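One structure coming up, written as C-alpha cells, with questions to follow.
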Amino acid sequence: MRRLWTVALMLGSGCGPVAPGLQFSESSVTSRAVRGGPPTLVPITPAVVLEQAVARELEAERRPKDPMAEKAARYEYTVAPHDVLSVTVWDHPELTIPAGEFRPAELSGNPILADGTMFYPHVGVVEVAGMTIREIRALLTMRLRKWIENPQLDVRVVAFRGKRVQVTGEVMAPSTLPVTDVPLRVVDAISQARGVTPEAWPRGVTLTRAGRVHRLDLQALYEDGDLSQNWLLQDGDILNVPSRSQNKVFVMGEVRRPASRLMTKGRMSLAEAIGDSEGFDPVTSNPGEVYVIRGAYEKPRVYKLDASSADALLLAAQFQLEPLDVVYVAPYALTNWNRVLGQIMPTIQGLWFAADVADRAAAGFGQ
C-alpha cells in the first residue's frame, strides 16, 4: 500500500511532468542567437514600430525603376518578322494591293518573312526588320525614285504578329498580347487580360525579361501613384501576377480560434491577426507574453509584446507582420499546471481506486 501512495505522490508533485500543448522557451531562442549573430528577442516598443516605418520608406525608395522610362517618352514601334505592312503609293494603284470589304488586313498587305525581309514591286527584296515606319517609308521612297517621279508613300502596320508578351497568373484571362505601335505598359497588359482575380497579390508581380526576374509593386502604383512601377513592356516579356495564398501568417497558442490568416493586400498588423482569431482566450491566455516569430529556425527573430495593459494594443495595431510570421500567445503558468493535472489525475484516480480495492480486500481477509 505504501508503494502505491508513494507513486501517486510523485505523479502529483510536479517533479518532472511537462505541460502538454505548444510551449515557447525564450532561453532556447537566446541560445541560438548567440551562435547565429545579433540578438533575436526584441520587445515591441514605439521605437521598433518607428523603425518599421522607416524601413518601409527605404523599401519604397529601393523599388526597381523602369529602365525604358526615357525611351517610352519617344516610343516608336520597330517592325519584326511576321508583321504585315500596307504600302500605298499615291496615283499608282497598280502598286497597291486592293483590300476588299471582307478581306482580312493581313491578306491585303506585304508580310515580313522570318528572315526579316519584304518584297515590293520595283524595289525587290529589302530587309526591314528592326526599322521604324518612317525609316521604311524613306527606304522605299528612295528605291522607287528610279521608276516613279517624286513618289508619295504611306506605310502602315496592318497586323502586329512579330512581338508578343505573356500575361499569366491571377488574371481573369491569361493570354498572349501583341506589342503594337501604342506603348504597352504593365497596367495596360493586365487590363487587356481583364484585370486581376480576387486572389491576386499586386505587391508581388514579377516581370521576367531576358532571363532576369524583376519584382514590381503594383499596389504602390494603385494606392500611392508610384508610376515607376508601370514598366514599358517589350517583346518576350512574361508578366506574372502571383496568388496571395503565399501571404499567410499563423496565429497559434491561447487565442479563441488558432488558424492561418491571409494577409489583405499583403498587409496585416499584429492586432488584426489576433482580432481575426477572436482575441485572447480569457481563461487560459497570458497577454503579457505575445510573440511574433520570424525568419529561419537557425536564425529566428522574435518580437515580444506585453499586452497585459490594453493600451499596449495600440502598438499591436501599428506593428506590421510579414508573410509566414508565426504569432504565438503563451498560456499562464497556472494553465500549464492545470493541464498537467488534467493528464495525471486519471492515473492518480486509478491508483486510488486500486488502493481502495486492496484495502477492502485486506479488511475482508482479516475478518
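The values are calculated or read from the model by the stated rules, or taken from the named source; none is laboratory data. Only a predicted model underlies this, so the values are computations on that prediction, with no experimental measurement involved. Because the Cβ atoms are built from the backbone with ideal geometry, glycine has one as well, and the counts that use them run over all protein chains shown. Ligands, DNA and RNA are excluded from the accessible area calculation, which covers all protein heavy atoms including side chains. Shrake-Rupley method; radii C 1.70, N 1.55, O 1.52, S 1.80 Å.
According to a simple spin-label model (label point 7 Å from Cα along Cα-to-Cβ), what is the distance in nm between H214 and R145?
A separation of 4.1 nm, rounded to one decimal place.
Full extension from Y332 to R134: what is 0.36 nm times the residue separation minus their Cα-Cα distance, to one decimal in nm? Intermediate results must be reported in sequence, preceding the final value.
Working: separation 198, 0.36 × 198 = 71.28 nm, distance 7.79 nm.
Gain in length upon complete extension: 63.5 nm.
Here is a follow-up. Order I238, I274 by their accessible area, 1.4 angstrom probe, all chains in place, largest first.
Details: I238 65, I274 10 Å².
Ranked list, largest accessible area first: I238, I274.
What are the lysines whose alpha-carbon lies under 22 Å from the alpha-carbon of K71, with same-chain residues fewer than 8 places away excluded?
Those lysines meeting the cut-off are K163.
Something else: Given N residues in segment 114-153, what is Rg(Cα) / (2.2 N^0.38 Å)?
Working: Rg = 10.2 Å, N = 40, 2.2 N^0.38 = 8.9 Å.
Cα Rg divided by the expected 2.2 N^0.38 Å: 1.15.
Something else: Taking the highest mean first, how do the peptides 52-60, 265-273 order by number of other beta carbon atoms within 10 angstrom per residue? Kindly include the intermediate steps, with their values, before the conclusion.
Numbers: 52-60: 11.0, 265-273: 18.2.
Per-residue Cβ counts within 10 Å, averaged per peptide and sorted highest first, yield 265-273, 52-60.
How much area per residue is accessible in segment 187-260 when the probe is 1.4 Å and only protein heavy atoms are counted (Å²)?
Working: 3550 Å² over 74 residues.
Heavy-atom accessible area per residue stands at 48 Å².
For Y332, Y297, Y120, what's the largest-to-smallest order of accessible area, 1.4 Å probe? Provide the component values of the computation, followed by the final result.
Working: Y332 110, Y297 160, Y120 0 Å².
The ordering from most to least exposed comes out as Y297, Y332, Y120.
Between F119 and R62, what FRET efficiency follows from the Cβ-Cβ distance if R0 is 51 Å, with the result rounded to 0.05?
Numbers: r = 51 Å, r/R0 = 1.00.
Given R0 = 51 Å and the Cβ-Cβ separation, E is 0.50.
I've got another one for you. Starting from the Cα gyration tensor of segment 168-212, take the square roots of the eigenvalues, sort them a ≥ b ≥ c, and report rounded, prolate or oblate (rounded when a/c is under 1.5, otherwise prolate if a/b is larger than b/c, else oblate).
Working: a/c = 1.96, a/b = 1.24, b/c = 1.59.
Oblate shape, in that a/c is at least 1.5 and b/c is the bigger or equal ratio.
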